[in-house]
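These notes concern the structure reproduced below.
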Amino acid sequence: MSAWRTALRIALREARRAKGRTAMVLVLITLPVVGLAFAAVTVDMFDLRPAEKLDRQIGAADARIQWYDRVPLRQNLDGDNWSSEQTPQNGGKVEPFQPTDRDLLDKLPPGSSVLRTSSAWVDMRTATGIGGVEVLGVDAGNPLAKGLVTVLDGRAPKAADEVALSHKALSRLGARLGGTVQDAARTKTFSVVGVIETPSNLGEMMVTPVSPDQASGWLVKTPGPVLWSDVRELNKAGMVVLSRSVLLNPPANPEGVLESPGGGTPGGLQIAAVIGGLGLFEVVLLAGPAFAIGARRRRRELALVSANGGTPAHLRRIVLADGVVLGLAGALLGVALGIAAAFIARPLVEIYVANERAGGYRVYPLALALVAGLALVTGLLAALAPAVAAARQDVVAALTGRRGALRSRRRWVVLGIALIAFGGLLAVGGATTSRAVAIVAGLVFGELGLVLVTPALVGLVASLGRWFPLGPRIALRDTARNRAAAAPAISAVMAAVAACVAIGTFLASDNDRQVEQYRTGLPLGYAAVQIGDRANGVPTVERVSAAAAGSLAVTGVRQIDTIGCPKVDGEEQYCFVRPQLPADLACPFSQSNGPLTDEQQTQALADSRCQAPSFFFGNLPFTTVVGNGDNLATLSHPSEADVRAATQVLAAGGAVVSDPRLVHDGKITLQLGGNNEDGSGNGEKIIKTTEVPGYALRSGLEVGQGLAPEGMQRTYVSPAAAAALGLETVPEGFVIATGRVPDQAAQDKLAASVAELPGGGYATVETGPPTGTPTEALILAAAAILVALGATFVATGLAAADGRRDLSTLAAIGAAPSVRRVLTLSQSGVIAGLGSLLGTVAGLGSGWAILAAFNRQFAGQWPREIGYPFAVPGVVLLLLVSIPVIAMLGTGLLTRARLPIERRAD
């Protein structure tokens with residue numbers, strides 16, 4: 001222990017003497033610790049405790065009850081999963097069921113009280129037109145609503161014509177406290193009596209009182225806690241219950257509980273292990289150059305220790321003590337700064353990232369202890385290689401000031417190439433088998449291989465120096481001669497850039513996946529106007545065009561017709577027309593009756609008829625289009641040849657689809673269907689079928705989408721085919737072709753204009769897939785780029801400090817002051833350029849491994865999920881260019897032109 005005490009004293013003395021280098025080392029260690037501590041504290045603040053979560057779900061109540069039917073049911077402890085224990089009576093017919101407060105109180109203990117709640121989306125007049133707003137129905141002034149909603153200003157609405165709005169809703173609706181707002185139809189006017197906030201949603205919210213016929217649930221206050229036995233009694237009456245007592249004190253062996261679906265998958269833990277393992281290794285690479293350069297600057301001091309009887313073990317301890325001292329200092333400083341940053345940034349994170357209030361100001365002691373331990377371990381690991389190198393240095397060469405090896409040893413280059421190859425194979429194997437340890441090991445071996453070949457790459461680049469001017473030529477030569485200092489600095493930049501590229505690769509791949517999963521129902525920017533009530537009139541194309549001209553860049557308007565269903569007692573019944581898939585091509589598996597078993601999923605994945613991947617439509621208007629083909633070009637954008645062929649088939653009384661499996665021998669079988677006769681609305685029956693000429697589009701928006709679920713596919717039917725099924729043709733709406741995608745204000749204005757047309761109706765706009773990058777991801781990417789730039793500047797600064805003696809030599813031989821600036825600028829360019837190049841390679845490899853691990857989770861799932869494609873983001877080129885340029889400009893601006901003059905010891 002005495003040897004370690006001496007080593008720690010030397011480390012503390014050296015840290016005080018070399019304040020600049022100490023500060024740089026602390027920056028490299030502290031930056032990742034600040035980020036990790038910030039993330040840990042922020043996550044803990046927003047990870048709601050059970051009591052906090054309940055306050056936002058049920059306010060100050062003892063339970064929340066939803067009463068759906070009189071049929072007994074079973075539920076899980078949370079009340080978010082339930083199933084009926086028996087089928088409804090009366091032949092499956094569903095009778096209207098609207099329990100009252102009195103009905104509920106009769107089922108509760110005497111002395112109980114209830115508060116009605118509801119939730120919905122309504123269309124309101126906004127500042128620019130019409131838009132949807134989320135509505136929470138509750139008496140916000142009732143004590144039971146405390147925690148569910150908070151009145152910030154004014155008072156809670158009491159009457160049916162009063163509302164309270166959130167700040168964002170006030171802005172969207174163009175309202176103010178004391179003013180009024182209107183519904184979309186202008187049939188109701190509401191007074192704004194309060195400004196509210198719902199902690200679980202800081203977006204556009206409106207709070208109103210609840211009428212008895214609008215209630216979708218109740219908040220319940222009982223004389224005693226609602227136990228699991230009470231929940232089961234209420235289940236027998238058809239109620240679903242979320243109980244505070246059950247959630248806070250769950251029963252050990254609850255009787256009759258419905259098991260909830262499994263939570264997270266092991267794959268999620270494996271991905272977290274991959275990211276965490278890579279993060280640790282990147283931090284080691286970031287801090288490593290500081291200790292390597294520090295040990296190099298202390299070569300003479302360490303050589304004197306060795307000359308005076310110090311053993312290699314003593315030298316290792318001295319350098320490792322640097323890691324202990326600076327790692328501990330970085331841990332304490334980083335944790336403190338991370339906590340402070342999380343507390344300061346909390347309001348901004350609530351509003352712009354989470355869109356909800358945090359649970360409270362608190363830290364995550366266990367996570368922070370692990371982060372601090374990580375910093376200490378990082379310091380030791382980063383100092384390990386320099387410690388070993390210091391113990392093996394040539395004492396005579398160090399005392400005389402001679403440089404170390406000027407060439408890269410071939411065996412290290414060969415070992416580095418072997419590690420790159422081995423690491424790549426290991427990462428590929430780990431990704432394909434979902435083994436986190438193999439993935440992390442492969443990527444670590446690969447990056448270590450890049451570190452080992454870095455000196456050889458430095459020498460290779462330095463050989464190009466003869467083609468450059470004096471400053472860059474000296475920088476390249478000096479970088480090659482000082483490989484012991486340059487290689488770790490380049491590795492630090494490589495680690496930071498690798499993190500940026502890996503994050504960028506994942507974000508770009510996730511964006512591409514969203515695009516692949518999304519199916520457009522109309523050409524981008526086009527609007528669909530659907531008629532609300534044909535009995536009140538149908539607008540003309542000219543009126544629709546005039547209504548849309550004020551908000552959209554209209555290039556054309558087309559009317560869309562559809563089938564008119566049969567009428568019973570003067571009321572049009574529900575019906576549908578769809579093409580029939582041949583039985584031998586239909587997938588025999590379906591999730592309509594619940595999830596498939598593991599065996600069924602395996603069979604479905606092996607069945608060639610069940611290979612269509614899952615996708616979603618953001619908006620699909622006009623699923624059954626009746627016409628002669630004049631709307632094809634507007635709705636689907638097929639090729640001219642497709643339009644001609646489809647028009648001919650429709651003229652012959654046929655139908656047009658987008659899936660070739662539906663066409664057999666040039667024919668399509670159309671089915672006319674409707675609801676079951678029992679009136680339950682459950683299930684369907686086929687009323688009539690007819691075979692007509694058919695054609696499958698080869699181009700257009702809908703091609704390649706596969707056979708979509710019922711109601712999510714578009715069929716073009718000729719008037720003759722509709723008549724063959726006994727159906728008439730009626731107008732359904734209009735398609736508005738536009739020159740650009742409208743913004744939200746234009747969409748609100750369009751909705752307001754359409755509401756004024758005969759027949760009312762509503763408008764939807766095809767805005768494309770949700771390609772916007774999440775705010776959290778943007779913050780993460782920005783933080784990674786800042787760390788990369790910070791690492792670049794610090795590594796460059798350390799390398800420049802190591803080359804101070806060379807600058808003194810230049811001053812001694814009469815070099816101009818500007819030479820120092822050009823030389824330092826060139827050195828930073830070499831370090832940042834090579835580091836960016838190697839970091840890009842490492843980052844792309846890391847990104848691929850993470851994506852492969854994600855995709856592996858989808859294996860064995862049916863319906864098939866669209867996996868993450870490997871996308872090279874634009875940030876790669878940006879980093880390759882911007883980081884070296886920014887590093888050179890920053891170094892050039894901050895470097896003093898005056899050359900240093902200092903006494904030479906040798």
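The values are calculated or read from the model by the stated rules, or taken from the named source; none is laboratory data. Owing to the predicted nature of the structure, the values given are computational and were not obtained by experimental measurement. Reconstructed Cβ throughout: ideal geometry from the backbone, glycine too, with neighbour counts over all protein chains shown.
Of the residues Lys168, Lys158, which is surrounded by fewer than 18 Cβ atoms within 10 Å (Cβ to Cβ), among the basic types (Lys, Arg) and not in a loop (DSSP other than H, G, I, E, B)?
When all the criteria are applied, what remains is Lys168.
Checking the structure you have, find out if any residue of segment 45-58 is aromatic (Phe, Trp, Tyr), closer than 21 Å to Pro347 by Cβ and in a helix (DSSP H, G or I).
Filtering segment 45-58 for residues aromatic (Phe, Trp, Tyr) gives 46.
In the following step, the residues that additionally are closer than 21 Å to Pro347 by Cβ were identified as 46.
Within this subset, residues satisfying the condition of being in a helix (DSSP H, G or I) are 46.
Yes.
How many residues are crowded, with 20+ Cβ neighbours inside 10 Å and over 30 Å from Gln601 (Cβ atoms) when one looks only at segment 838-863?
Looking only at that region, the number is 7.
Please go through segment 132-151 and give me each residue that is out of contact with any Phe, Trp or Tyr (no Cβ under 8 Å at 6 or more places or on another chain) and within 30 Å of Val765 (Cα to Cα), ordered by number.
Those that are out of contact with any Phe, Trp or Tyr (no Cβ under 8 Å at 6 or more places or on another chain) and within 30 Å of Val765 (Cα to Cα): Leu136, Gly137.
Residues of segment 616-647 being at pLDDT below 70 and out of contact with any Phe, Trp or Tyr (no Cβ under 7 Å at 6 or more places or on another chain), which ones?
Answer for segment 616-647, where residues must be at pLDDT below 70 and out of contact with any Phe, Trp or Tyr (no Cβ under 7 Å at 6 or more places or on another chain): just Phe617.
Residues in segment 103-111: is at least one buried (at least 19 other Cβ atoms within 10 Å of the Cβ) and not aliphatic (A, V, I, L, M)?
No: zero hits.
Scan segment 856-883 for residues that are in a helix (DSSP H, G or I), in contact (Cβ under 8 Å) with a residue 60 or more places away in the chain and over 20 Å from Glu447 (Cβ atoms) and report the count. Even if it seems obvious, please write down each step before you answer.
Taking segment 856-883 as the starting set, the residues that turn out to be in a helix (DSSP H, G or I) are 856-858, 874-883.
Now restrict to residues that are in contact (Cβ under 8 Å) with a residue 60 or more places away in the chain: 856-857, 874-876, 879, 883.
Now drop any that are not over 20 Å from Glu447 (Cβ atoms), which leaves 856-857, 874.
Of the residues in segment 856-883, 3 are in a helix (DSSP H, G or I), in contact (Cβ under 8 Å) with a residue 60 or more places away in the chain and over 20 Å from Glu447 (Cβ atoms).
Among the residues of segment 29-37, is there at least one that is surrounded by fewer than 21 Cβ atoms within 10 Å (Cβ to Cβ) and part of a helix (DSSP H, G or I)?
no
Tell me the residue from Arg543, Arg534, Arg513 that is touching a residue at least 12 places away in the same chain (Cβ under 8 Å), among the basic types (Lys, Arg) and crowded, with 18+ Cβ neighbours inside 10 Å, please.
Arg513
Search segment 17-28 for residues being hydrophobic (A, V, I, L, M, F, W, C) and part of a helix (DSSP H, G or I), and hand back the single one that is farthest from Ala495 (Cα to Cα).
Restricting to residues being hydrophobic (A, V, I, L, M, F, W, C) and part of a helix (DSSP H, G or I), the top hit is Ala23.
Between Ala390, Ala385, Ala397, Ala329, which is more than 33 Å from the chain's Cα centre (by Cα), part of a helix (DSSP H, G or I) and at pLDDT 70 or above? Working first, answer last.
Working: Ala390 fails: at pLDDT 70 or above; Ala385 fails: at pLDDT 70 or above; Ala397 fails: at pLDDT 70 or above.
It is Ala329.
Looking only at segment 628-650, which residues are surrounded by fewer than 17 Cβ atoms within 10 Å (Cβ to Cβ) and touching a helix residue (DSSP H, G or I) at 6+ places or on another chain (Cβ under 9 Å)? Can you show your working first?
Going through segment 628-650, the residues surrounded by fewer than 17 Cβ atoms within 10 Å (Cβ to Cβ) turn out to be 628, 630, 639-641, 644, 648.
Residues satisfying the conditions are Asn628, Asp630, Glu640.
Name the residue, out of Arg49, Arg56, Arg64, that is at pLDDT 80 or above, of a type in the set (Lys, Arg) and over 15 Å from Val246 (Cα atoms).
Arg56
Determine if segment 172-189 includes at least one residue that is among the small types (Gly, Ala, Ser), closer than 18 Å to Lys107 by Cα and in contact with a helix residue (DSSP H, G or I) (Cβ under 7 Å, 6 or more places away or on another chain). Spell out how you get there, then give the answer.
Narrowing segment 172-189 to residues among the small types (Gly, Ala, Ser): 174-175, 178-179, 184-185.
Going one step further and asking which of them are closer than 18 Å to Lys107 by Cα, we end up with none.
No, that holds for no residue.
Scan segment 664-692 and report the pairs whose first residue is assigned to a loop (DSSP other than H, G, I, E, B) and whose second residue is modelled with pLDDT of 85 or more, with Cβ atoms within less than 7 Å and a gap of 6+ or a chain change.
Correct list of pairs: Gly666/Pro693; Gly666/Gly694.
So that you can scan it fast, the table gives a plain yes or no per residue for (1) touching a strand residue (DSSP E or B) at 6+ places or on another chain (Cβ under 6 Å); (2) at pLDDT below 80:
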site	(1), (2)
Ala499	no, yes
Ile503	no, yes
Asp512	no, no
Ile560	yes, no
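All but one of (1) surrounded by 19 or more Cβ atoms within 10 Å (Cβ to Cβ); (2) closer than 18 Å to Ala159 by Cα; (3) of a type in the set (Ser, Thr, Tyr) hold for Thr189; state the number of the condition that does not hold.
All conditions pass for Thr189, except number (1).
Condition check: over 15 Å from Ile339 (Cβ atoms) and in contact (Cβ under 8 Å) with a residue 40 or more places away in the chain. Does Ala23 satisfy that?
The answer is no for Ala23.
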